[in-house]
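To keep things clear, I will list the structure first and then write my remarks on it.
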């Protein structure tokens, strides 16, 4: 009977492969969150409701990714007396909170947009163009 031994380097390699999804989620979270803050700032600066709307969308994405990141580790806990089916159901809580944030952000953007329909404001198109190029690059990186 042959015994297979796993070397220390193989264990480390296997461990790093197991942590890779967690690292990817972390990178996507911070990329989306930081960019949504940048969009809020430049959306105000460029006087653009469309950039502000995208900032709300990206903030919702980052919150969703953040909950996925948190619940990825949390849901792996074993069942106990209080949670007899385990902790997998907590991912639904993250989805609920994300939905509330997106709906709240949507109402905020509707509130901000209606006066603009009545009294249109000039926007900085050049700034919006350059910000969109940065957004394409960051979204490609996060994907």
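Ranking 69, 130 by Cβ neighbours within 10 Å, fewest first, what do you get?
Ascending number of Cβ neighbours within 10 Å: 130, 69.
Within 10 Å of each residue's Cβ, count the other Cβ atoms and sort 52, 37 from fewest upward.
Values: 52 21, 37 14.
Sorted ascending by nearby Cβ count, the order is 37, 52.
Look at 89, 112 and count the other Cβ atoms within 10 Å of each Cβ; fewest to most, that gives 89, 112. The residue 134 and residue 89 beta-carbon pair, evaluated with R₀ = 35 Å, returns a calculated FRET efficiency of approximately 0.40. Going by a ≥ b ≥ c, the root eigenvalues of the Cα gyration tensor, does the stretch 30-143 fall in the rounded group (a/c under 1.5), the prolate group (a/b larger than b/c) or the oblate group? In terms of gyration-tensor shape, oblate. For the peptides 132-143, 117-128, the ranking by mean Cβ contacts within 10 Å, running from highest to lowest, is 132-143, 117-128. The modelled label-to-label distance for the pair residue 79/residue 26, using points 7 Å beyond Cα in the direction of Cβ, is 3.2 nm.
Only the coordinates and a few stated rules stand behind these numbers; no lab work does. Keep in mind it's a predicted model, so treat the numbers as computed, not measured. Cβ sites come from the backbone with ideal geometry, for glycine too, and all protein chains shown count toward neighbours.
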